[in-house]
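Structure record follows, encoded as structure tokens.
No value in this document is a laboratory result; all are computed from the given coordinates. If you're wondering where the values come from, they're calculated on a predicted model, not measured in any experiment. Using ideal geometry, Cβ is built from the backbone for each residue, glycine included, and neighbour counts are taken over all protein chains shown.
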């Protein structure tokens with residue numbers, strides 16, 4: 001996923017329950033150069049639309065000089081309920097500036113549904 005200097009791009013995710021998800025975010029400045037996130041900290045979370053479920057996923061985001069890598073392990077997605085939630089990731093750079101990089105919906109799908117089977121089969 002590539003985002004411009006101002007951040008705030010919509011990215012909707014679909015994760016089969018019990019599987020891992022890894023993706024890279026390329027954040028560029030106004031001149032198209034990579035923003036260095038090697039000293040940044042990240043706040044990333046999945047939250048139900050009614051606010052009843054909040055899962056902090058900040059520990060699964062890591063920055064480098066050229067990108068941000070998000071790696072959510074299968075053990076985490078297996079604990080999430082099937083359905084739609086909201087998500088976002090905010091970077092706080094070494095300067096103290098915070099940028100909401102991405103936001104959107106995350107859909108956790110039942111792996112049985114992907115196989116065309118029904119629960120209990």
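Extending 7 Å from the Cα toward the beta-carbon at both residue 93 and residue 50 defines two label points whose distance is 4.0 nm. Cα-based values for the chain, radius of gyration first and Dmax second, are 15.6, 55 Å. What is the antiparallel percent of DSSP beta bridges lying wholly in region 2-115, to the nearest 5? Restricted to region 2-115, the bridges split so that about 80 percent are antiparallel. Placing dummy labels 7 Å off each Cα toward the beta-carbon, the span from residue 111 to residue 59 is 2.2 nm.
The order of 76, 109, going from fewest to most other C-beta atoms within 10 Å of their C-beta, is 109, 76.
From the alpha carbon centroid of region 13-27 to that of region 40-108 is 10 Å.
Residues 9, 26 in ascending order of nearby Cβ atoms (within 10 Å, fewest first): 26, 9.
Helical content of the chain, expressed as a calculated mean residue ellipticity at 222 nm, amounts to -1500 deg cm²/dmol (DSSP H runs of 4 or more residues, -39,500 (n - 2.57) each, divided by residue number, nearest 500). Across region 2-115, Cα pairs under 8 Å and at least six residues apart give a relative contact order of 37 percent. Considering only 31, 110, 56, the Gaussian network model of the chain with Cα springs below 10 Å gives its largest mean-square fluctuation to 31.
Among 49, 84, the ranking by other beta carbons within 10 Å of each residue's beta carbon, starting with the fewest, stands as 49, 84.
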